[in-house]
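Trainee: Here it is, the structure, as structure tokens.
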Amino acid sequence: MSLRTCWLNGSFMAEEHAHVSIFDRGLLFGDGVYEVAAVFNGRLLDADRHLVRLARSQREIGIPAPYDGATLEAMMQEVATRNAITEGLVYLQVTRGAAERDFSFPAEVHPTAFAYARAKKLSDDPNASGVKVHPVPDIRWQRCDIKSTAMLAQVMAKQAARESGAFEAIMHENGLVTEGGSSNMWIVRDGVAYTRPTSRDILAGITRDVIFDVADEVGVKVVRRAFTLEQAYAADECLLTSATSFVLPVTQIGPHQVGGRRPRADHESSPRRVSRAGGATYRLSGERPHQWPAGAGGHDGIGPVEQEAAHGVACSMLSADAAAAAHAPHALREVPVLGPGAHVAMVSPSGPLNGPHELERAVATAESLGWTVSVGTHALARTGYFAGDDAQRGDDLLTAMRDPRVDGIWCIRGGYGAARLLPRVQQALPDMSPKALIGYSDITALHAAWQRAGLISYHGPTARSPLSGFSRASLVEVVQQRTPVLWRATDASVVRGGTASGRLAGGNLALVASLCGTPWACDFREAIVVLEDINEATYRIDRMLTQLRLAGAFDGCRGLAIGHFTDCPATIEDGRRTVVALIEELAAALQVPTLLGVPIGHIEEQWTVPLGAWATLDADARMLQLYR
């Protein structure tokens, strides 16, 4: 007879006496949520964090909370104590309860809650020297942030991993790693650690959160950014984190040996110790530092043992250059985030405005974004088809570039004329503090200068254009929030399938072609090339693309994200060819993944594209992933 004790619906009992109904919705539908907390030195680790996550999962699927957090934490500790667990885990599950089988929620039902404990060796893990993982497609539902008991996809993934001789399955979707079957994945390179950002695509792991806290405390950079399997293969280290395995190094992904940079010898065991050090002082000492519900598992008062472990993880685990930049020797430097209060200079380096009302609208738009605005002296000037002569336009632009208070430059309109300023701009750039540059169309010439200076710039709306909700949201998330972005161009056409990663480069086709052969020619090596245009007959588009191909401009290009060619007639007196035919021809010649019709160009709803930033193009999924 078993001596093990469990807890069911408020009562402790021997496991063989615990029974639930065959009509429990957890059994019939997987209609429940759960948590697993580690036990070390007889004490629960991070129970408060686990219970906060459990409560969130219950709220997300509408299961009432039958017990409060304090009751559940005390119960889980008691289950561990009654089973004499010094190292191991406590499993807690809450289902919607038992009712007649029907998909919709029953009107009156009481949740079923139970918990049990198991011994498991957490210290001196034989896997501490490294594990093999097996990549599998991620076939889960779209709410992976809920810790649901419906886990058939994970079961299948982990079985595939076992059959391949691997410790864990690593799931991937659209070319990007999501997470492990029951763990989060990290890659590490040159001093910075990378893990996928929190979203509905992953479960926000508790150990993962602890590492965020420890890294912040010891001053180690962690970037929340998705990465590809290829980037994991090339990383200095790959790691798994979970509540009961803590931190494990990955040494093999499928057939690929990974993690060539080994941890420092004096911190060889630190990855395993950090998860006991980060959450609270009880992690190694066995003492509980706070009472429920104080905080969410913070680690005030970390003692010397925990400090040493946290330092160890900083030395041996958290060590990566942008994971996305692992293959990006030419990735460019960031410019200031233009958050509320940023100083933005507004200039007209190209064509003239149609009157003061356009300038007033531009200033109002910038101020609505929370920016402090200054306007170039000659913003309303007009000389032929220019916004003032070259000297006036250049003076306004260089004044903004040289002003140390200015964080960004927003061009009021395109047109023509920016290329005439490039020699003066180039002279000023070496002494300019990094500044964001926003605009498109003719502003492509200035983007080329920024790229040549090694700076990221923003191919996005000009300031005089009314911002649609779509365009405004894209501008804000890229320029103000600078979070990793996953865009889906649902209306784009797949010209050639496949996935590729590279720097974003390009802009307006006419400007890109006109700069060919100059010092400001666009560099498309290792690039996802972005192109758009307006008011160009198809034969002229053909001529410009041919010029770039003959000049070798597309050599080394990795992908094409082609925007809109607005008001570009396909028919002339001599015949007809479509833009689609031209892009199909280009994609076939270059043999690279290609999308046509992404929201870039002279259209109302457009993306703001950070030229020079690293991105992954998944043409089959019509997806562009930005890494910032």
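The values are calculated or read from the model by the stated rules, or taken from the named source; none is laboratory data. Just so it is clear, the structure is predicted and the values come from calculations on it, not from any experiment. As a convention, Cβ positions derive from the backbone with ideal geometry for all residues, glycine included, and neighbour counts pool all protein chains shown. Please note that ligands, DNA and RNA were not included when accessible areas were found on the heavy atoms of the full protein model with its side chains. Shrake-Rupley method; radii C 1.70, N 1.55, O 1.52, S 1.80 Å.
Trainee: With every protein chain present, what is the per residue accessible area of segment 428-544 (1.4 Å probe, Å²)?
Mentor: Solvent-accessible surface per residue comes out at 32 Å².
Trainee: Using the per-residue mean of other Cβ atoms lying within 10 Å as a proxy for protection, in what order, highest first, do the peptides 130-141, 32-43 fall?
Mentor: Details: 130-141: 18.5, 32-43: 22.0.
By packing density, highest mean first, the sequence is 32-43, 130-141.
Trainee: Which percent, to the nearest 5, of DSSP beta bridges fully inside the chain are antiparallel? Before the final figure, lay out each step's value.
Mentor: On the way: 70 of 111 bridges.
If I count the DSSP bridges inside the chain, around 65 percent turn out antiparallel.
Trainee: Let me ask something else. Suppose R0 equals 30 Å; then what is the FRET efficiency for Ile139 and Asp213 from their Cβ-Cβ distance, rounded to the nearest 0.05?
Mentor: 0.40
Trainee: Please report the carbon-and-sulfur percent of the accessible area for the chain; probe 1.4 Å, protein heavy atoms only, DNA, RNA and ligands left out. Kindly include the intermediate steps, with their values, before the conclusion.
Mentor: Values: 12910 of 25140 Å².
On the chain, the fraction of accessible area on carbon and sulfur atoms equals 51 percent.
Trainee: Okay, next question. For segment 112-200, just run the numbers: alpha carbon Rg, then divide by 2.2 N^0.38 Å, N being how many residues it has.
Mentor: With N residues counted in segment 112-200, Rg over 2.2 N^0.38 Å equals 1.23.
Trainee: Next question. Using just the C-alpha positions of segment 380-434 as equal point scatterers, what log10 of I(q)/I(0) does the Debye formula give at each q in 0.25, 0.29 1/Å?
Mentor: Computed log10 I(q)/I(0) values: -1.08, -1.30.
Trainee: Still on this structure, I have one more. How would you order 557-564, 184-191, 466-473, 390-397 from highest to lowest mean count of nearby Cβ atoms within 10 Å?
Mentor: Values: 557-564: 25.6, 184-191: 22.2, 466-473: 14.8, 390-397: 20.2.
Put in order of decreasing packing, that is 557-564, 184-191, 390-397, 466-473.
Trainee: Let me ask another. Per-residue counts of other Cβ atoms within 10 Å, averaged by peptide: what ranking do you get for 148-160, 450-462, highest first?
Mentor: Top to bottom by mean Cβ count within 10 Å: 450-462, 148-160.
Trainee: Taking just the alpha carbons, could you work out the radius of gyration and Dmax for segment 1-143, both in angstroms?
Mentor: Just the Cα atoms of segment 1-143 yield Rg and Dmax of 16.8, 52 Å.
Trainee: Moving on. Taking just the alpha-carbon atoms of segment 490-561, what radius of gyration and Dmax come out, in angstrom?
Mentor: Cα only, segment 490-561: 12.3, 37 Å (Rg, Dmax).
Trainee: Kindly provide the helix-only [θ] at 222 nm of the chain, computed as the sum of -39,500 (n - 2.57) over DSSP H runs of four or more divided by all residues, to the nearest 500 deg cm²/dmol?
Mentor: Using -39500 (n - 2.57) per qualifying helix, the result is -8000 deg cm²/dmol.
Trainee: Once the Cβ-Cβ distance between Asp125 and His19 is put in as r, and R0 is 25 Å, what FRET efficiency do you end up with, to the nearest 0.05? Could the numbers behind the result be given before it?
Mentor: Details: r = 35 Å, r/R0 = 1.39.
E(calc), rounded to 0.05, equals 0.10.
Trainee: Run the quick spin-label model on Ala84 and Ser368: label points 7 Å from Cα toward the beta carbon, then report their separation in nm to one decimal.
Mentor: Between Ala84 and Ser368, the simple spin-label model gives 7.0 nm.
Trainee: Note down the relative contact order for segment 376-516 as a percent, whole number, built from C-alpha pairs under 8 angstrom at least six residues apart.
Mentor: RCO, segment 376-516: 20 percent.
Trainee: Can you pull the semi-axes for segment 403-519, root of five times each eigenvalue of the Cα gyration tensor, sorted largest first, whole Å?
Mentor: After scaling each eigenvalue by five and taking roots: 25, 19, 15 Å.
Trainee: Take the alpha carbon gyration tensor of segment 81-141, find the square roots of its eigenvalues, order them as a ≥ b ≥ c, and report rounded if a/c is under 1.5; if not, report prolate when a/b exceeds b/c, else oblate.
Mentor: On the way: a/c = 6.33, a/b = 1.50, b/c = 4.23.
Oblate is the answer for segment 81-141, as a/c is 1.5 or above yet b/c matches or exceeds a/b.
Trainee: Rule-of-thumb check for segment 518-628: C-alpha Rg over 2.2 N^0.38 Å?
Mentor: On the way: Rg = 14.1 Å, N = 111, 2.2 N^0.38 = 13.2 Å.
Compared with the compact-globule rule of thumb, segment 518-628 sits at 1.07.
Trainee: Need one number: the % of Cα-Cα pairs in segment 421-487 sitting beyond the 17 Å mark.
Mentor: 47 percent
Trainee: Based on the Cβ-Cβ distance of Arg56 and Asp431, what FRET efficiency does E = 1/(1 + (r/R0)^6) give at R0 = 45 Å, to the nearest 0.05? Walk me through the intermediate numbers first.
Mentor: Values: r = 50 Å, r/R0 = 1.12.
Efficiency at R0 = 45 Å is approximately 0.35.
Trainee: Oh, and also: Sequence-distant or interchain residues sharing an amide H contact under 5 Å with Val375, placed H: which?
Mentor: Placed amide hydrogens put Met346 under 5 Å from Val375.
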